[in-house]
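What follows is a set of notes on a single structure, which appears directly below.
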Amino acid sequence: GIEFIDSYVFNKAEYIRFNSTVGRYVGYTEYGVKNAEAWNKGPQLGQEQGELERVCKHNADLHYRAILDKT
């Protein structure tokens, strides 16, 4: 399967992450936890979930076909 991860970093420290396997945002700092709670209730969650379809699966299909064409 395909996993899409979108990490948000400030001062070299990850504070929040969207993980398509988990299906929601997870915060890693106090600020990140507060944002994760809000973003999981707002339009951001649907936008991230759409990225899996729009970017990952589309590109995976292209790469897979290119590999098959070479074999």
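The values are calculated or read from the model by the stated rules, or taken from the named source; none is laboratory data. Only a predicted model underlies this, so the values are computations on that prediction, with no experimental measurement involved. Here the Cβ positions follow ideal geometry from the backbone for every residue, glycine too, while neighbour counts run over all protein chains shown. Quick note on the areas: whole protein, heavy atoms, side chains included, nothing else; ligands and nucleic acids left out. Shrake-Rupley method; radii C 1.70, N 1.55, O 1.52, S 1.80 Å.
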*How much accessible area per residue does the chain have, in Å², with a 1.4 Å probe?*
75
*Please identify every one of the GluC sites (Glu not before Pro) in the stretch 1-68 that sits in a loop by DSSP and has no more than 13 other beta carbons within 10 Å of its own beta carbon.*
3
*Could you order 12, 34 by accessible surface area, starting with the largest, using a probe radius of 1.4 Å?*
12, 34
*Over the chain, what relative contact order in percent results from Cα pairs under 8 Å that are six or more residues apart?*
22
*Considering only protein heavy atoms, with the full assembly of protein chains and a 1.4 angstrom probe, order 69, 61, 6 by accessible area, largest first.*
69, 61, 6
*Ignoring ligands, DNA and RNA, what percent of the 1.4 Å accessible area of the chain is carbon and sulfur?*
54
*Mind giving me the nanometre distance, one decimal, between the label points for residue 12 and residue 53, set 7 Å out from Cα along Cα→Cβ?*
4.0
